[in-house]
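In what follows, a structure is listed as structure tokens, so that the remarks can point back to it.
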Amino acid sequence: MSVHVIEYKNGAKTMIPIKNFKEFAALRNSKHNREMTQQARNGNADGKRRMIQFNYSCMPNDGKLKGATVESNSVGMDVDFQAGMDKEEFQRQFDIVKENILAKADELGLLMLERSATKGLHVVFRRHPEMSQEENLKWASKMLGVEADPAAKDITRVFFTPTADAQDLFFCKDELFINEAAEGKKEERTKATAETATEAKPEAEASKATEEQSDKAAEAQSAPQGDVIYFGYNFTKIIAKYWEVYNGGKEPVVGNRNALIFDLARSLRAICDYDINVLKLVIPRYCDLPQEEYEQCLKNAIDEPRKGINFKLQKVLNLLNEEENKGKSQLELVNALDSKLPPQMPTILPSPLGELCSRAPEYYRPAVCENLFPPMAVNMSGVKFMYWDNVLHEATFMELLAAQMSIGKGCVTKPCQMMVSRISENDKVAREREAQWKLKNPQGATSLEARPKDLCVQSLIDNLTDAVFNQRVADAAYNGEKYIYVKVDELDTLKNITSRNSEQEVSTIIRKAFDNSPHGQERVGSASVTGIAPLRFNFNASSCPKNARNFFRKNITDGTITRLSVSTIIKPEGARPVYGIYDDEYRATVNKVVDLLESFHGTYKCEEANKFAQNLCDENERLAELYDSEGYLVLSYRATVIAWLKGMVLWLLNGQQWTTVIEDYVRWSLRYDLWCKMLIFGEMLEKEIAENKLSNHRGPQNLCEMLPEIFRLKDLENLRSRLGKRGGSAKNLLAKWKARGIVSYESIDGEIVKCKV
């Protein structure tokens, strides 16, 4: 393996090989490493020393570390920046060097690029086996025009490694975890060194070497596709699925083989390093296509403009992922809800969530991520999304954080405030203009100047009248279909956003807001607020579970709670939270996100997201059956829409690229939301549903017809209990049925038989 994690045993360094990216990312994103990364970034030297350590330059016969068995295919290089630069100059230099490295990724043979523990970069590239460690580093330094850390020439050099979040890990290829033919490379290096020290070999030996190389190349070309792996899937499986989706399950034949091989190569090239030799290794030469034509097809595909992983391949990979998930036992799925702990958030988060929750301790991050969606969406205007049922939805998120008292619900406050800080600044100007207008047009004036139409205040305070709330709704609608937003520390405070000051009015607003239904008022007076507009309203509210149940106790089955997104906090016993600093770097990240959000307008549709949402609906139905819970199924309908909307926002923020990382987050968000809702409202909901079913029966029911031909007293008692019969007794009823000849029995405790009438 080219990557080893360092462990210390009996005071000595030991190397443990890392086999795949999932293992690599899990180690980097562990709770311990996240905390140590944050401490290192805050200037704590001890925090840096305790970060996870990796080695990329193992060479067993030269300074071998215990645990290493073969020479690595990679070289690790540490790039530091000049000390004493201010923050802005450092960031400018950092971005220039980073982009230069990424631009030369193919030429360099880049395998991994990350930010270092503090203010530098770690670069890992393919090893040139004919060169020494130091020569490899000098070669890369010259190409990139950077000065490598001279200490990194030591092959036992370890790299203190931050998280796998997008702001830390910029580039990583699966090839980093493959170390095939490492022994062969060792031989090549020895051979190259010997050739340098002696005269040219005799012609016969050179001819023999050339022949051996040709044999090796032929052997590699005929190697089975199953030997090449991409994210856990061998290419045999990927290609079979590709033909299943795009050619009816049929392989290319004479007449279409050229076109289909070209199309397949164009799809696979992005995960084959754009290397024709790798494509030859994985794509068969169907129907004995002449070698020259075959190679030309592959070359033409590689020469096409590069756009990353294309839609066709992404769909194939998604389908393979779905099939793998379907193979999991239903018991695994059920355990997520049965557990006393909520579903665990994915280790790898889609951008920008990883960056935005990075300042909070690990156990607060699920709540922070979920609570960021309402303020993020407020920065968009005029954006609509098409769901798989062809219904348009807008980015409406009403988040309830329900957790125990004094547990740290304020962890979401700073990120939410910073996400709407630009709106808050604009609102100050709008409020000042509104105040000036009121001064010029006092109440009771005979002649009023028209209120400016471009006034728009989006961030609300938690103490409003009906007129003010309705005015804000109308202004937001008429100024670009914007959202209004409020964050309250206690759910009960939401009652103050209108004059009615009631839970019922809050429930009505929640139901209207989710569907963007018309809201407002009509008044006769010329000075009165008059106007009706779609209600676009996002909020963040906190509460303890008991207060949340009391607040919504009269609205359990009217659809109010189904329209909420609910989160919670599970804090480890004895934990003392230490937050990172919400500094200029964090603010810069927020500003980039807001810039993107403000740039989106119009209607968007993502077929991959919609297909995934339909799969989630199927999962919901299976789970509801396994839980035997109608309440779970009822909650799941809108919860799926909410999770899908979160995915659509992330899809936009990630360049309209639907990825498995986004899918993992959306699935988790749905299961987490439903887990929280069932924890807080489940019992009340199931009870209400059962009572509503009983009250919806039409007319009297014949209990005898509902029983089997032969039954027992217990069967009748159970039936009466299910139907809510509380008066009388089953024994008395049976006695009356027997007296009227409806049933017959020897003993009340034995078998009871219906009589033929």
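Quick check for you: which residues of the stretch 378-412 have the amide N under 18 Å from the point 7 Å beyond the Cα of V429 toward its beta carbon?
379-381
Using a simple spin-label model with points 7 Å from Cα along the Cα→Cβ vector, what separation in nm is obtained for D288 and I96?
Result for the modelled spin labels: 6.0 nm.
Once the piece of chain linking D492 and M706 is laid out straight, how much longer is it, given 0.36 nm per residue of separation minus the C-alpha distance between them?
72.4 nm
Roll a 1.4 angstrom probe over the protein heavy atoms and tell me the percent of accessible area of the stretch 390-486 that is carbon or sulfur. Before the final figure, lay out the partial values.
Values: 2570 of 4860 Å².
Taking all protein chains in place, the stretch 390-486 shows 53 percent carbon and sulfur surface.
Any of K315/K605; K241/K312; K725/K754; K605/K646; K237/K315; K237/K611 with alpha carbons more than 18 Å apart? Name them for me.
Among K315/K605; K241/K312; K725/K754; K605/K646; K237/K315; K237/K611, the Cα-Cα distance tops 18 Å for K725/K754; K237/K611.
Quick one: work out Rg over Rh on the C-alpha atoms of the stretch 596-648, Rh as Kirkwood radius.
Working: Rg = 13.9 Å, Rh = 12.4 Å.
Here the Rg-to-Rh quotient is 1.12.
Could you work out what % of the accessible surface of the stretch 705-753 is carbon and sulfur, using a 1.4 angstrom probe and leaving DNA, RNA and ligands out of the count?
Roughly 45 percent, rounded to a whole number.
Taking 0.36 nm per residue of sequence separation and subtracting the Cα-Cα distance, how much length would be gained by fully extending the chain between E630 and Y579, in nm to one decimal?
Full extension of this stretch gives 14.3 nm more.
Would you calculate the separation in nanometres between label points at R722 and N547, each defined as 7 Å from the Cα along the Cα-to-beta-carbon direction?
Each label point is offset 7 Å from its Cα along the Cβ direction, giving 4.2 nm.
Tell me, what is the per residue accessible area of the stretch 350-392 in Å², probe radius 1.4 Å?
The answer is 20 Å² per residue.
Per residue, what accessible area does the stretch 530-686 have, given a 1.4 Å probe and all protein chains present, in Å²?
Accessible area per residue: 39 Å².
Can you figure out the FRET efficiency of L439 with E598, using R₀ = 35 Å and their beta-carbon distance, to the nearest 0.05?
FRET efficiency, L439 to E598: 0.65.
The values are calculated or read from the model by the stated rules, or taken from the named source; none is laboratory data. Fair warning: this is a prediction, and the values are worked out from it, not measured in the lab. Note that we place each Cβ from the backbone using ideal geometry, even for glycine, and neighbour counts take in every protein chain shown. For the accessible areas, the whole protein counts, side chains as well, though only heavy atoms, and no ligand, DNA or RNA atoms are used. Shrake-Rupley method; radii C 1.70, N 1.55, O 1.52, S 1.80 Å.
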